[in-house]
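In what follows, a single structure is set out as structure tokens and then discussed.
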Amino acid sequence: MNDTADPPSQDFATTLSALLTTPSFGEPLHFFPSIDSTNIYAARLAREGASTGTAVIADEQTGGKGRLGRSWVSPPGVNLYLSLLLRPAVSTAVVPQLSLLAAVAVAEAIIEVCQLTPAIKWPNDVLIAGKKVCGILAEMQTEGTTLRAVILGIGVNINAPLSAFPPELHDKASSLLLAGGKTVDRAAFAAALLTHLEKLYVLWIEQGFPALRSAWEHHASGLLGKKISVAAPEGTVSGIVLGLDIDGALLLHEEQTGAQRRVLAGDVTVVGGYAHGEQS
Ligand code: BTN
């Protein structure tokens, strides 16, 4: 972290390349001053045969993609827009675990670089003081039932001022600058993030999701025991959060039935707020 203005975008790319010590993540690194979406470009690279660890970073996105068909606000020169190409030899069913993994990596990078206290909201939003600072969008390429590639897209609001967000997001979105009061070195943050991502990815490949579960639960500890409602594909589910199952599913004590319920996908709302006021 520093108190100076963030360097121009090409310096961001050059500094990041110099800082990277990861064995594979960020190699090669494709950097764009402006692009429609780093996920779209990474998907193209994946179709052309690019290998695990290939990263695409942009200084600005003109068509940043969010979850559930939403857009991702991507102003120039202030944030991190990263897409990482992965080719794990796993079934498509476990791919959502990569989003949970990425949320843990983002939380650990925030703690390391900014000394702030992030909170993960299932499945993979990262919040500070109840406002979202990071979103994750994992997209798959398959051939029949075989997984070919995963594009792990990560957007972190780093030095965005409040004015960078549309008014309707002012009570929902934040940045590391707004949360901590200091400009954050984007290259240092990106290098730390890629380091945490690769460390956790190797652990996941070697030992599976159970090796990551306690870290995810640690960063989401504010959620444990809370009453939530989940807009899941099968309908709204309400209950008390018990934790994560060994495969990354959210475990709830369902109020209506008194039964334990596994939730595999959906948007969470925390009843009564999350981490000083959950907003999203
Ligand atoms: C969400 O809706 O919470 C997910 C947002 C994901 C945004 C990132 S920014 C880098 C990558 N490129 C995109 O177009 N989207 C992801």
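The values are calculated or read from the model by the stated rules, or taken from the named source; none is laboratory data. A quick note: this is a predicted structure, and the numbers were derived from the prediction, not measured. As a convention, Cβ positions derive from the backbone with ideal geometry for all residues, glycine included, and neighbour counts pool all protein chains shown. Side chains are part of the model used for accessible areas, which takes the heavy atoms of the whole protein and leaves out ligands, DNA and RNA. Shrake-Rupley method; radii C 1.70, N 1.55, O 1.52, S 1.80 Å.
The heavy atoms of residue 87 present about 80 square angstrom of accessible area, all protein chains included, probe 1.4 Å. For the pair residue 202 and residue 242, label points projected 7 Å from Cα toward Cβ lie 3.5 nm apart. Taking Cα centre as origin and charging only the Cβ of basic (Lys, Arg, +1) and acidic (Asp, Glu, -1) residues, the dipole magnitude of segment 227-270 rounds to 80 debye.
Under 16 Å of direct C-alpha separation, and excluding same-chain neighbours fewer than eight residues apart, residue 132 reaches these aspartates and glutamates: 108, 168, 171, 267, 278.
Computed over segment 121-255, relative contact order equals 14 percent, with contacts defined as Cα pairs under 8 Å that lie 6+ residues apart. Electrostatic tally near residue 86: other residues with Cβ closer than 12 Å to its Cβ, Lys and Arg +1, Asp and Glu -1, net 0.
Under a model in which nothing but the beta-carbon of Lys, Arg (+1) and Asp, Glu (-1) is charged, segment 9-219 shows a dipole of about 380 debye around its Cα centre.
Cross-link reach is defined here as a Cα-Cα straight distance under 20 Å, omitting same-chain residues fewer than 8 places apart; for residue 131 the lysines meeting it are 65, 121, 172, 182, 226, 227. Here the label points at residue 168 and residue 218, each 7 Å from Cα along the C-beta direction, are separated by 3.8 nm in the simple model. Over segment 9-56, accessible surface divided per residue gives 48 Å², non-protein components excluded, 1.4 Å probe. If the chain linking residue 14 and residue 111 were pulled fully straight, counting 0.36 nm for each residue of separation and taking away their Cα-Cα distance, it would gain 32.5 nm. Relative contact order of the chain: 18 percent, from C-alpha pairs under 8 Å at least 6 residues apart in sequence. Residues 99, 34, sorted by accessible area with the largest first, give 34, 99 [1.4 Å probe; ligands and nucleic acids excluded]. With the charge dipole of segment 199-252 set up from +1 on Lys and Arg Cβ and -1 on Asp and Glu Cβ about the Cα centre, the Cα lying farthest toward the positive end among the listed residues 207, 220, 251 is that of 220.
Electrostatic tally near residue 46: other residues with Cβ closer than 13 Å to its Cβ, Lys and Arg +1, Asp and Glu -1, net +1.
Calculated accessible area for segment 157-230 comes out at 40 Å² per residue, all protein chains present (probe 1.4 Å; ligands, DNA, RNA ignored).
Given R₀ = 30 Å, what would the calculated FRET efficiency be for residue 267 paired with residue 143, taking r from the Cβ atoms and rounding to 0.05?
Approximately 0.50, to the nearest 0.05.
With contacts taken as Cα pairs under 8 Å and at least 6 residues apart, segment 59-144 reaches a relative contact order of 23 percent.
Hey, how many Å between the Cα centroid of segment 207-251 and the Cα centroid of segment 110-159? So the separation of the two Cα centres works out to 16 Å. Projected label points at residue 231 and residue 211, each 7 Å from Cα along the beta carbon direction, are separated by 3.6 nanometres. Taking 247, 125, 171 and ordering them by how much accessible surface each has at a 1.4 Å probe, largest first, produces 171, 247, 125. Rounded to the nearest 20, the Cβ-based charge dipole of segment 141-211 about its Cα centre (Lys and Arg +1, Asp and Glu -1) stands at 120 debye.
Think of the chain as a dipole: +1 on every Lys or Arg Cβ, -1 on every Asp or Glu Cβ, centred on the Cα centre; then among 75, 95, 175, 95 lies furthest on the positive end.
Nonpolar atom fraction for the chain, defined as the carbon and sulfur part of the 1.4 Å probe accessible area, stands at 54 percent.
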